[in-house]
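Structure, as structure tokens:
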Amino acid sequence: MAIRQILEFPDPRLRKIASPVTVFDEKLEVLIDDMFETMYEAQGIGLAATQINVHERLLVIDVSEEKENPLTFINPRFEIIEEELSEYDEGCLSVPGFYETVSRPRRIKVSAQDKKGEPFEMEAEGLLSTCIQHEIDHLDGKLFVDYISTLKRQRIRQKLEKEHKKSA
């Protein structure tokens, strides 16, 4: 297992739309293991493959307090079960240090494949629902900052660009 580098906004690679996963092999399992290790090391609750510059429709999530409930979603899709919205102060490993309130559907049904390629469905609500939607957005080239005002997004962009220049 290895910790992968997480791309940070405004890196244009974060805007690339991910392709479906078609090969379920040992290489994919290593990638999944690396993604969990990277996510846990960064103290995140979700990570999309796009964030580590792998443009395949794969994401990992663990919203449990003790990090004992790892979930893998390959080629995920969701449908809204309940139109009612939940608001969360979302953060993102690709937008470090920033949190903004985002409204998303409270309950969804997710269809995906596991690491062996077997299809499954599950319902999610609350934080898990928000996290799944946030990570699927990454696979579609979207970031949570796309849901906030242009002015706030520009400020975040400028601050992160300044940080990147300092560390370069």
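Before moving on, here are some points about what is shown:
- Taking other residues whose beta carbon is less than 14 angstrom from the beta carbon of Arg107, and scoring Lys, Arg as +1 and Asp, Glu as -1, yields -4.
- The stretch 57-168 - percent of accessible surface contributed by carbon and sulfur, probe 1.4 Å: 46
- Candidate aspartates and glutamates for bridging to Lys27, where Cα separation is under 16 Å - those fewer than 8 sequence places away on the same chain excluded: Glu37, Glu56, Asp114
- Lys162-Glu118 FRET efficiency (beta carbon distance; Förster radius 41 Å; 0.05 resolution): 0.35
- Normalised by the number of residues in the stretch 19-100, the average gap of Cα pairs under 8 Å and 6 or more apart makes the relative contact order 23 percent.
- Highest mean packing first, where packing is the average number of other Cβ atoms within 10 Å per residue, the peptides 10-17, 73-80, 44-51 line up as 44-51, 73-80, 10-17.
- Accessible surface calculations at 1.4 Å, restricted to protein heavy atoms, place the stretch 1-89 at 57 Å² per residue.
- Where Cα atoms sit under 29 Å apart: lysine pairs in the stretch 81-168 separated by 8 or more or lying on different chains: 11
- Most mobile listed residue (Ile156, Ile136, Ile148) in the chain, GNM with C-alpha springs under 10 Å: Ile148
- Convex hull per residue volume in Å³, alpha carbons only, for the chain: 113
- Taking other residues whose beta carbon is less than 14 angstrom from the beta carbon of Phe9, and scoring Lys, Arg as +1 and Asp, Glu as -1, yields +2.
- Local electrostatic count at Ala42 - Lys and Arg +1, Asp and Glu -1, tallied over other residues with Cβ under 13 Å: -3
- Average Cα contact separation per residue, the chain, under 8 Å, 6 or more apart, as relative contact order %: 24
The values are calculated or read from the model by the stated rules, or taken from the named source; none is laboratory data. Just so it is clear, the structure is predicted and the values come from calculations on it, not from any experiment. Positions of Cβ are generated from backbone atoms using ideal geometry, with glycine treated the same way; all protein chains shown enter the neighbour counts. Side chains included, ligands, DNA and RNA excluded: accessible areas come from the protein's heavy atoms. Shrake-Rupley method; radii C 1.70, N 1.55, O 1.52, S 1.80 Å.
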